[in-house]
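Colleague: Let me give you the structure first, and then I'll get to my questions.
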Amino acid sequence: MNRGLGILRIVMLLAAAALASACAGLPGMRPAPYKPMTFPGMRPPPQTGGAIYQSGYSSDLFSDTKAHRVGDLLTIVLQERTQATKSASTNAKKKDSVSITDPVLFGSPIRFNAPGLLPLASNRSNGLGNSLESSQDFGGSGDASQSNSLTGNITVVVTRVLSNGNLVVQGSKHLTLNQGDELIRIRGLVRPEDIQQDNTVVSTRVGDAEITYSGNGVVADASHMGWLSRFFMSVFWPF
């Protein structure tokens, strides 16, 4: 009775260790805590004494209101849509066969009358002839599909103007809702030619874009896989 309880305890400990390792190997995807984005120091342009119009504070008669200087605001229209599908199939087969014929001496096959003394003579005819066969077959398949869509508007800040005139922009938007928080971050490069008359640019025209959309709360927790489901989907599941 004690021996059976000991074996049961060992089995339970091994199962608990496997579950713990599965949870450690597949952590839940939790968004990073919200931190305001830092911008480089923006010093105001020096004032020119005795002048009515100060350079850097106003635009000339022929300029528009598009963002073009460090510190200007630019609205990015998010129109992101991605779709990806992937499928894989693997089939592996292996078959081996070995045949050993009875040796022939003076035109007759050799026979043994003492199969118990000769392990090789294990067939009914007490001969040395024998055959071996083995076969292995493996088949596996998997499919994955993903589709994402992100729409909306976010206003960013011009943090740098490159030598070719392109604008380095970045910005974030933090929303606190009744069921959780939502965080949108974006940064990238914008060409002045892609900025519309209303000082907007489509996100598909942002170069080297880095867009992050994350959240926490009831809705975000509903999309997370439980620890037991993660175990069955991990490499620790032997089947």
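Colleague: For residue 171, what charge total do you get from the other residues with a beta carbon under 13 Å from its beta carbon, if Lys and Arg give +1 and Asp and Glu give -1? Show your work: numbers first, answer last.
Modeller: Numbers: positive: 173, 185, 187; negative: 72, 210.
Computed value for this residue: +1.
Colleague: Aspartates and glutamates near residue 86 by alpha-carbon distance under 17 Å, same-chain residues fewer than 8 away left out - which ones?
Modeller: Excluding near neighbours in sequence, the set is 143.
Colleague: May I ask you to compute the full-extension gain from residue 73 to residue 131, defined as 0.36 nm times their residue separation minus their alpha-carbon distance, rounded to one decimal in nm?
Modeller: Values: separation 58, 0.36 × 58 = 20.88 nm, distance 8.21 nm.
Computed gain between residue 73 and residue 131 is 12.7 nm.
Colleague: Which aspartates and glutamates does residue 95 reach when only Cα atoms under 15 Å apart count, and residues fewer than 8 places away in its own chain are ignored?
Modeller: Candidates past the 8-residue exclusion: 133, 137.
Colleague: Sticking with this one: Compute the distance in nm between two label points, each set 7 Å from the Cα along the Cα-to-Cβ direction, one at residue 9 and one at residue 85.
Modeller: Between residue 9 and residue 85, the simple spin-label model gives 5.5 nm.
Colleague: Pop out the ³J(HN,Hα) list for the stretch 152-158 in order, Karplus 6.51 cos²θ - 1.76 cosθ + 1.60 with θ = phi - 60°, rounded to Hz; leave Gly and Pro as x.
Modeller: x, 10, 8, 9, 10, 10, 6
Colleague: With θ set to phi - 60°, apply the Karplus curve 6.51 cos²θ - 1.76 cosθ + 1.60 along the stretch 135-149 and write out the HN-Hα couplings as whole Hz, x wherever there is a Gly or Pro.
Modeller: 9, 9, 9, 9, x, x, 8, x, 10, 9, 9, 8, 9, 10, 9
We did not get these values from a lab; they are worked out from the coordinates using the rules stated. What you see is a predicted model; the values in this text were computed from it and never measured. Heads up, the Cβs are rebuilt from the backbone with ideal geometry, glycines too, and the neighbour counts pull from every protein chain shown.
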